[in-house]
Each structure stands twice: as structure tokens, then as C-alpha cells.
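Below: the structure, in C-alpha cells.
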2 protein chains.
Amino acid sequence: MNPDLIAYIKRFVDISNEEIDIFNSYLKPKELSRKAFLLNEGQVCKSRYFVNSGCVRLYYINNKGNEQIIHFAIDNWWITDYESLINKTPSKLYIQAIEKTSLYELPEESFDALCEEVLNAERLFRKIMEKTYVAIQKRIEYIYSLSGEQLFETFISANPEFTQRVPQYMIASYLGMSPEFISKIKSKK
Amino acid sequence: MNPDLIAYIKRFVDISNEEIDIFNSYLKPKELSRKAFLLNEGQVCKSRYFVNSGCVRLYYINNKGNEQIIHFAIDNWWITDYESLINKTPSKLYIQAIEKTSLYELPEESFDALCEEVLNAERLFRKIMEKTYVAIQKRIEYIYSLSGEQLFETFISANPEFTQRVPQYMIASYLGMSPEFISKIKSKK
């Protein structure tokens, strides 16, 4: 298993080497070339994904026909469409690689089997969900509290690597602003 | 235990009557009068709460000195400040009763003990978190996709009971709009 994932898991739960081996046996390594899709609108999402290296975006097409990015996931982040995964309903979302990306896929049957075998797996994923929830709640706080300029500054200082790796128009989409607005903020400095 | 909470738990996991009894032994019934606080800014949040009946709001004071509501919780909803609870840091939020409210408090030490004793408790809370996450992600989608008028209509048709129970200025705060804007939408019909 990727040592980063082992370290990640151990930050959340006590887990033995034997349990790590079981966990590892359920992970399917997957390579995505740039612009390849992990999930398409209309498909039922059947897996959770851990990004070993690279970057993917989760987005939908809004009613004006534009891409609206909901999340990015880079090295050591989990990503999936929880709504489609939990409800077994066709996804409204796309998950696409922005760079060449190396992932682990954890199919939902394997996830269920893992949770039966490794007691701490439920705890691990409960804690990951809580942390993910805190992050998305903070995003709502920011949307309601910060000006466009502050939103951009806050995002960039919390995620400095993104400016290097993610095209500016995608950061604009994630923050709900136009690429022109970001160019204006940048040229002001 | 409140039969609604038993039904709620059984929607997520298989659980025996003995396990329900253990769960129940960790819950502390709590009554809040209208406007009473469950959590104040600066306190460390140490419990999860299940609303048996009534209504509470979770909010913060934004940099303009105004209340910004992040969530409501009515009958059969869980509420807490996950950031403060997980990180054991002082909360930036308030949780306050809007109506006379009857709750169960599940203190975090009890939660940990419950998860040790009842195998399915971790699974239950992992699934609750996933569902809660789907709801908040959908809210971000709505913020970025819908006009103010559509946001209001969508909220009201998904939560018709709120218009009866929650003052209009609080719904406005939750939706990030002014009470005057909501009055204008209503008078247009």
C-alpha cells in the first residue's frame, strides 16, 4: 500500500499491520490519463477513490450549460459521488482527471467486506466523513461571509499548490466566480 | 427511547433490542426553553444532540455583526458543531432553541463507549454523516445554480414545515438573502 495512505489511516485509527494488509487487498490500483473520466453523468457511482498522486475534479453541468466544479481531490484525498453511491441512483456529476492521476479504487462491495473484516474501518470512514463535513461547512460559511476577493485569497492561502496545478478558470468555477474576476484580483496586486 | 429515534436508527443499520437498550442508557434527555442556548461561541462542543421535538438553529456572528444561520435541526435530526467536537477547540458557533425543544444529549465519552459496546454504532454514524454530507453538498450546488427566488422556492418545497415554525428573517439568513427579498418574492405571487 502507498505509505502515504498508511500514514493517513493511522492518523485516524489504531490499526495493525495485518489489518493494513486486508485493507490493501481490497484496493484496486487505477491509472488515469489527463482528461480521462472516472464517473460520467448518468452512471451509478459504485466506488470510493483515494488519490495517490495527481488531481481530479468533481463537477456538474449547470442549467446554463456551464461546468460548475464542486470539489477537487489531489494527493491523499478521497473522492466519490456520495449521493449516487449511497442511493444507487444515476449520478448527476462527472469526476475527471485534470492531470495524469494514480488512484486506488475501493468498490462498494469491497468496502462492505472490509468493514466486516477490519473493525476499525467503519471508524476510519466515519472520522473521514466528519472531517470532510467540517471542510464543506466551512466553505458555506466562507460563501456567506467573504467577498469574492477574500474567497479567492482564502482558497489560495489554504491550498497554495492549486495555483500551480489547476487552471485558473477551474479555480474560478469552484469559487463561483468568473475567470475575468480572478484576473482582475491578480492584476490589482 | 423515543420510538422515532429507534425507527431512525433501524433505517440505517440492523440493531438488536439489547443494543437499543445500551444506546438508550447513554442518552441524556434535555429540555430547552425557547431561546435557550445549547452551545455558545468560545465553548468547546462536547456532545452530539438528537432533536426529539422542537427546533434549534446553528449560527455564527459574521464580520458585519449579523447572525448567519448555517443549519436548522427539527424533530428527528442530529446536530452538533463537528469542528469543535472533533478538534476539541472553542466553537465559533451558537446552537439555540427557536421553540421549546426536547433533545437527547450524547456526550462524546458516551459516544466512544457506545461505539465500543455496540458494533453497529460506528456504521450508523458513518451513514448519518454520509447522508448529512450529501445534503450540504446539494446546498452548495443550489447556491451556485439557482437564483434567489429559486433557492427560496426549493427550500420551502423541500421543508414545508419550516415556513410555519421558523421566522421569515431566519429562513432569509439561512438562504443568505435579506428578509425584504423574501417578502418581495411572496408578494409577487
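The values are calculated or read from the model by the stated rules, or taken from the named source; none is laboratory data. Since the model is a prediction, treat every value here as computed from it, not as a measurement. Glycine also receives a Cβ, built like all others from the backbone with ideal geometry; neighbour counts cover every protein chain displayed. Only protein heavy atoms, including side chains, enter the accessible area calculation; ligands, DNA and RNA are left aside. Shrake-Rupley method; radii C 1.70, N 1.55, O 1.52, S 1.80 Å.
Just a few scattered comments:
- Exposure of B:Ile128 as accessible area (Å², to 10), given a probe of 1.4 Å and all protein chains: 10
- Whole-Å distance, taken between Cα centres, linking region B:78-96 and region B:148-188: 26
- Dipole moment magnitude, nearest 20 debye, region A:3-118 about Cα centre, only Lys, Arg, Asp, Glu C-beta charged: 720
- Cα shape, region B:3-118, gyration tensor, a/c 1.5 rule: prolate
- Integer Hz, Karplus 6.51/-1.76/1.60 couplings in order for region A:169-178, x for Gly and Pro: 5, 6, 4, 4, 4, 4, 8, x, 10, 8
- Residue-wise HN-Hα coupling along region A:86-92, computed from phi with Karplus coefficients 6.51, -1.76, 1.60 (Hz; x: Gly, Pro): 6, 8, 6, 10, x, 6, 9
- Estimated purely from DSSP H runs of n ≥ 4, each contributing -39500 (n - 2.57), the mean residue ellipticity at 222 nm for the protein assembly as shown is -15500 deg cm²/dmol once divided by its residues.
- Comment: the Cα-to-Cβ extended label point of A:Asn87, at 7 Å, lies 3.1 nm from its counterparts in the other copies, nearest first.
- In order along region A:64-69, the phi-based Karplus estimate (6.51 cos²θ - 1.76 cosθ + 1.60, θ = phi - 60°) of 3J(HN,Hα) comes to 8, x, 9, 6, 10, 7 Hz; Gly and Pro are listed as x.
- Reduction of at least 50 Å² in accessible surface, 1.4 Å probe, comparing all protein chains with the chain by itself, residues of region B:121-139: B:Glu122, B:Arg123, B:Arg126, B:Met129, B:Glu130, B:Tyr133, B:Val134, B:Ile136, B:Gln137
- Global geometry of the protein assembly as shown, whether rounded, prolate or oblate, following the gyration tensor of its Cα atoms and the 1.5 cut on a/c: oblate
- Protein-only accessible surface at a 1.4 angstrom probe places the residues B:Ile79, A:Ile143 in the order A:Ile143, B:Ile79, largest first.
- As a length-normalised measure over Cα pairs under 8 Å and 6 or more apart, the relative contact order of chain B settles at 24 percent.
- At 7 Å out from Cα toward Cβ: A:Asn17 inter-copy label distances (nm, ascending): 4.7
- Each eigenvalue of the Cα gyration tensor of region A:1-69, multiplied by 5 and square-rooted, gives one semi-axis; in descending order these are 31, 13, 12 Å.
- Distances between equivalent label points of A:Ala36 across the copies, with each point positioned 7 Å along Cα→Cβ, amount to 5.8 nm, shortest listed first.
- Remark: the protein assembly as shown carries 47 Å² of accessible area per residue (probe radius 1.4 Å; ligands, DNA and RNA excluded).
- Rolled with a 1.4 Å probe across the full set of protein chains, the surface gives A:Lys188 an accessible area near 140 Å².
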